[in-house]
Amino acid sequence: MKTKNIVLIMSTVLLLFSCSQNPFTGKKTLALVPNSQILPMAFAQYDEFLTENNVETGTSEANMVRSVGQKIATASERWLNANGYQGYLDDYRWEYNLVRDDQVNAWCMPGGKIVVYTGILPITQDETGLAVVMGHEVAHALANHGQQRMSAGQLQQVGAVATAVGTQAAGVDEETGALFNTLYGVGSQVGVMLPFSRSHETEADKIGLTIMAIAGYNPDEAAKLWQRMKANSGGQGPPEILSTHPSNDTRINNLSQWAASAKAEARKFGVTSFK
Ligand SMILES: [Zn+2]
């Protein structure tokens, strides 16, 4: 009984001090696992992933991934600075790599570590289509969706909450490390992440649309990209990105409706034409 109370008090204290405001949604979000623990893990996992996979360099496609990624990163920073979140990306170490693999997929780890698979390029078709996908994946990272997912995982185990209290400031603890590996699944399998929730998907769609527009890409193309993705999902099962990113007509309709406000937001940054 006594132990239960202590755990309850500790959990409450943690919740009070670890909720941070999400700059994109204005919502208070749960952040039991701090960036100081997550980012070093993400960076190490990313480097390991690159050594174990076929990274393409010097080709026009690899250059396109880097160039679109840089524009998305710059747009994210401009958006955050303009909204009073200077320094939000200070710990980010952006990196954009194209990996030769037939999977129809792409992802962005916390801290701005991006991978695009060559298998998705026939569907993205051009720079703008790629910006839709990269904007969406970066949005998951910016909105700390992975972090919230880890925090939720921790909350499921009261013991893990107690562990978090003791080790929050002491670097990466074993349990958090194991949790990270489970959720991101990068060490063992090829970038297989647990699916995000539907609400996180919707959030990432909306944020991604604004970011791509500020980067100068036409947000009207987002709905078209997901239509192509949907069309491609016939035959031998859905592409990888659809199994982790549930696509449906609601998403396509949402994106069509939001495109105008994404353009309006971009105009505030002096962006008036969209390619
Ligand atoms: Zn997603």
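The values are calculated or read from the model by the stated rules, or taken from the named source; none is laboratory data. The model shown is predicted, which means the values in this text are computed figures rather than measured ones. What goes into the accessible areas is simple: the full protein's heavy atoms, side chains included, and nothing from ligands, DNA or RNA. Shrake-Rupley method; radii C 1.70, N 1.55, O 1.52, S 1.80 Å.
Accessible surface comparison of SER233, SER273, probe 1.4 Å, protein chains only, largest first: the order is SER273, SER233. Of all aspartates and glutamates in the structure, those lying under 13 Å Cα to Cα from LYS206, and not within fewer than 8 positions of it along the same chain, are GLU137, ASP220, GLU265. Computed with a 1.4 Å probe over protein heavy atoms only, the accessible surface of the range 41-101 comes to 51 Å² per residue.
Stretching the chain fully between GLN103 and ARG198 yields a gain of 32.0 nm (0.36 nm per residue, less the alpha carbon separation).
Taking every protein chain into account, the 1.4 Å probe leaves MET64 with about 50 Å² of accessible area, to the nearest ten.
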